[in-house]
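Report on one structure; see the data block that follows.
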Amino acid sequence: MAGKFHRVKCQNCENEQILFDRSSTVVLCSSCGGNLTESTGGVTIIHGEIIETLSDQ
Ligand SMILES: [Zn+2]
């Protein structure tokens, strides 16, 4: 059940930040405060553009 980290570009302001795809909470853009993820029943939906997926250890 290992999740992955993704580098995601915000749709609103093009800020890039790294987030975890199994986060149980909504992740907000650190720059504009927009939602980068939405959590629906354990599945995390990523709204931004995934630039890069980082391998889990
Ligand atoms: Zn943003």
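Going by the structure shown, is residue 48 among the small types (Gly, Ala, Ser) and at pLDDT below 90?
Values: among the small types (Gly, Ala, Ser): yes; at pLDDT below 90: no.
In short, no.
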- line: With the first residue restricted to region 26-42 and required to be over 17 Å from residue 7 (Cβ atoms), and the second required to be basic (Lys, Arg) and open to solvent by 40 Å² or more (accessible area, probe 1.4 Å), Cβ contacts under 9 Å at 6 or more apart or on different chains are 42/22
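The values are calculated or read from the model by the stated rules, or taken from the named source; none is laboratory data. These numbers come from a predicted model, not from an experiment. When we count neighbours, we look across all protein chains shown, and the Cβ atoms used for this are built from the backbone with ideal geometry, even at glycine. Accessible surface is based on the protein model in full, side chains and every heavy atom, while ligands, DNA and RNA are left aside. Shrake-Rupley method; radii C 1.70, N 1.55, O 1.52, S 1.80 Å.
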